[in-house]
Every structure is written in C-alpha cells, then in structure tokens.
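Notes for the one structure printed next.
The values are calculated or read from the model by the stated rules, or taken from the named source; none is laboratory data. Please read these numbers as outputs of a predicted model, since none were measured by experiment. Reconstructed Cβ throughout: ideal geometry from the backbone, glycine too, with neighbour counts over all protein chains shown. Heavy atoms of the whole protein, side chains included, go into the accessibility calculation; ligands, DNA and RNA do not. Shrake-Rupley method; radii C 1.70, N 1.55, O 1.52, S 1.80 Å.
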Amino acid sequence: MIHFIPLIISLLIWALGELYVYVKLTNKDGQIQDKGSSRALELGTIIMLSLSIYFYFWEIGNLNSMFLEYLGIAVTLLGVSFRQYSIYVLGKFFSGYIRVTTEHTLIQNGPYKYFRHPSYFGSTISYLGIGLTTSNIFSIIVLPLGISILYFYRVKVEEELMLNTFGDQYLTYKSKTWGFLPFIK
C-alpha cells in the first residue's frame, strides 16, 4: 500500500529549501566556472526523482514500512537544515554556481572545519530522506548514490578552482578536512 503524505512532506521540505537557496541566497558576483556541473545536477535530479517516483508508484521494490516513511521526513529535514546552515556559514560567498569573487576568503569554521563541501553532504542526506519516505529499496539506493556521483564531478571542478584561487592555503585545508562525505578526503 502506498502512503503519499510522507513523500509529499519530504519533497516539499526539499523543494522549499532549494527554492530558498536559489532565489534568495545565490551570489551573482564573479564569473561562472562550473564546467556544466550545475546543469548536470539539475538534469540528474530530475532523472533520479522521476525514477524514484516510478518505482514508488509501480511498487517495484517497495518495503511498505511506515517507519521508513516517517524516518525519511526527519532525515530530509536534517539534510536540508544542514545544507542551509552550511550556506549560512559561507555567507556572501555562497553561489548556486561555481565561482569566486575578488574579495573571496577561504571559510574554515562551522561545518567547514570538517567538510570542504558541507552543503553537498546535507543535500545527499536530504536525498536519502526522500528515498526513505518512498519506503522503496531502489529509491533509497538511487537517490543518494546518484547525487553523490554528480557531486563527485562538481567537487572535482570546484576544488580545481579553489586550488587555483587559494594555492597552498587550500592544499593545507584540504589535507585536514573531508570532501563532502565523512571519511572521504
């Protein structure tokens, strides 16, 4: 049996968080240097969510666990909150695209003390939450794994720019922190 409410709640939490990020917080200064990673994330998100909803409605791999569905809401909220906090700490240097400004500084406090890309970690957690709200084994795997693959490319592009901008300071920072997933440098 399919329960729509947890999935709708998780998708709304996620969508409102992303809408807020891109409408209110995206810094428009500096040249975009993301090498197509933003478009890949947008297209990948559409594909992954579509696949998950397909599995969900056709009940392919459904676990039918109300516990997972409600746990998913909490995990989605946790992921979105961590992403929003990471963006808040980054402040005026946050951009929905990969770019640096002339006054850019390397932020190393808050979640940036542990992760170089904490907002991507928060996003990955929110996708896991959405997968959990479907109570579908394929969605639980496809969403966080798929977004992680896309973020690995984006991190590669972003770190190249950060290294070119901050040089040895970034290398030192990189040696002390995780990328966007715990324990993975």
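Points worth noting:
- All positions within region 103-118 that are assigned to a helix (DSSP H, G or I), open to solvent by less than 20 Å² (accessible area, probe 1.4 Å) and touching a residue at least 40 places away in the same chain (Cβ under 8 Å): 112, 118
- Looking only at region 128-185, and only at residues there that are in a helix (DSSP H, G or I), of a type in the set (D, E, K, R) and open to solvent by 70 Å² or more (accessible area, probe 1.4 Å), the one that is nearest to residue 76 (Cα to Cα): 156
- Only a single criterion out of (1) in a helix (DSSP H, G or I); (2) surrounded by 17 or more Cβ atoms within 10 Å (Cβ to Cβ); (3) not β-branched (Val, Ile, Thr) is not satisfied by residue 91, namely (2).
- Across region 161-181, a minimum of one residue is classified as of a type in the set (Gly, Ala, Ser) and free of Cβ contacts under 8 Å to residues at least 12 places away in the same chain.
- Single unsatisfied condition, residue 60 versus (1) in contact with a helix residue (DSSP H, G or I) (Cβ under 7 Å, 6 or more places away or on another chain); (2) within 20 Å of residue 140 (Cβ to Cβ); (3) part of a helix (DSSP H, G or I): (3)
- When the criteria are applied in full, residue 83 meets the requirement of being under 30 Å from residue 170 (Cβ atoms), open to solvent by less than 30 Å² (accessible area, probe 1.4 Å) and not β-branched (Val, Ile, Thr).
Each row is one residue, and each column tells you yes or no for (1) among the aliphatic types (A, V, I, L, M); (2) in a helix (DSSP H, G or I); (3) open to solvent by less than 20 Å² (accessible area, probe 1.4 Å); (4) under 18 Å from residue 129 (Cα atoms).
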| position | (1), (2), (3), (4) |
| --- | --- |
| 13 | yes, yes, no, yes |
| 20 | no, yes, no, no |
| 71 | yes, yes, no, yes |
| 87 | yes, yes, yes, no |
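- Of all the listed residues (32, 47, 60, 9), the sole one being at pLDDT 95 or above, open to solvent by 50 Å² or more (accessible area, probe 1.4 Å) and over 20 Å from residue 77 (Cβ atoms) is 47.
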